[in-house]
Amino acid sequence: MTAYINSQKLRMIIKEEDWEKFLENVKPKHFVKQESEILFDVSILAQICQTLITETTPDVIKILCLKCLGNSCLDTYKYKQHAMGNMESDEYNKNLYEELAKSDLCEHGHKQNCDYPHDSHFPYDGVIKWTINYIKIHNKSIDCLSDSKLDIFRLSIQFLCNLFTYACSSISISIDNDILRYLNCENLKQAILPLLINCKYLLMSLHMIGKEGDNYFTPITNLSQVAPNSQEETIDVNSQMYDTESMIVKVSKYNLQDHPAYGFKVGLIQVIANMVHKDKMCQDLFREIDGIPLLLDCCNIDARNPLILQWTIFALRNLCEGNPDNQDIIRNCKKEGVADNPVLEKMGLTLHEDADGNSIRIAPLRLKK
């Protein structure tokens, strides 16, 4: 990718500690590899690392640095340790990053004399150690952290997750076990449990709003309402043959995905499904806040939330895996009757329950005389 700031300009900004210019010129989106674009200069990434691990750097700048580093290991650089050579070893690899920050590092002549693949890999060791230490130091007092410190704490976790998910898939490093052990520790899980609670109550709020009337959160169970037909595809917006109201309705069907609410509910369910996967603490918490009945109520087709039915079933499956208490919640559900189905009714069909109440079948709808 093409960086919007060159290495020399960034070095000058950092040297002068002109943090306003730093915020103006350094953008996290610049550190995500775009299709058909080349990688940004590795010396820029090294300077970002230097800035992060410097004690005097303001919190707002550290937050920005962590966002950039988190993006850089998504699909841009892979992790690989760098031989220190004659450089003196230090806690956060400051000397290494200082050497990497030199502009001549990426010159072709230098690359020929260096075995390290600078074009595709980066030594994140110093940042890994810094983020782990930050999490360990501040974890016990997380409730007392300021907003900026809490953002650094959260982004440190996000960086480690991105690194080990995307940049270290087939690489083992010396501190790997220590990091993974900490990421799985109970204290860290306690710190992220509020996310699960917030997801549940946000999902419940959106679900209830959708039931209040026809709005952007009301499920569209009849997919024909959003499926374009041949007549709508050939609408001429300049033609006088169509009245304004009907034309707006038809065109709006194509703009369904452009609304911010599109896919929002299913996105929340995806987060819930992943958080409760093989995690009994999260499974129990979600049961205690009455989240299981909410998910059961979301088991409907909804054109505004593609695959919401499948993701809901997957979330329920994860909640019940190895958790008898959650299984009992579903096992003890009582049938109150057969729900009305407007889609079937439009087709002249209905759901019919047998006399024993053991099975339900689709039957022709009997019209009232």
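Residue exposure proxy: ASP115, ASP151, ordered by other Cβ atoms within 10 angstrom of their Cβ from fewest to most, comes out as ASP115, ASP151. In plain terms, the residue of LEU66, LEU296 with the fewest other Cβ atoms within 10 Å comes first and the most crowded comes last, giving LEU296, LEU66. Computed FRET efficiency, Cβ-Cβ of LEU351 and ASP75, R0 35 Å: what is it to the nearest 0.05? E between LEU351 and ASP75, to the nearest 0.05, is 0.15. Neighbour counting of Cβ atoms within 10 Å sorts the residues CYS49, CYS161, fewest neighbours leading, into CYS161, CYS49. Cross-link pairs exceeding 26 Å in C-alpha to C-alpha distance, out of LYS78/LYS200; LYS15/LYS149; LYS29/LYS78; LYS140/LYS280; LYS27/LYS129; LYS21/LYS62, comprise LYS78/LYS200.
A protection proxy built from the mean count of other Cβ atoms within 10 Å ranks the segments 119-129, 271-281, most packed first, as 119-129, 271-281.
Multiplying the residue separation of ASN274 and GLN158 by 0.36 nm and subtracting their alpha-carbon distance yields 40.2 nm. In this structure, TYR201 and LYS33 have a Cβ-Cβ separation that, at R0 = 41 Å, corresponds to a calculated FRET efficiency of about 0.70. Summarising the label geometry, the points placed 7 Å from Cα in the beta-carbon direction at ASP328 and ALA261 lie 3.8 nm from one another.
Per-residue 3J(HN,Hα) values for the range 301-308, derived from phi via the Karplus relation 6.51 cos²θ - 1.76 cosθ + 1.60 with θ = phi - 60°, read 5, 8, 5, 7, 9, x, 6, 5 Hz in sequence order (x marks Gly and Pro).
What's the FRET efficiency of ASP18 with GLU336 using the Cβ-Cβ distance as r and R₀ = 51 Å, to the nearest 0.05?
0.15
Stretching GLU99 away from THR54 to a fully extended chain increases their span by 14.6 nm, per 0.36 nm per residue minus the current alpha-carbon distance.
No lab work stands behind these numbers, since they all come straight from the coordinates. Bear in mind that the values here come from a model prediction, so they are computed numbers and not experimental data. Positions of Cβ are backbone-derived with ideal geometry, glycine not excepted, and every protein chain shown enters the neighbour counts.
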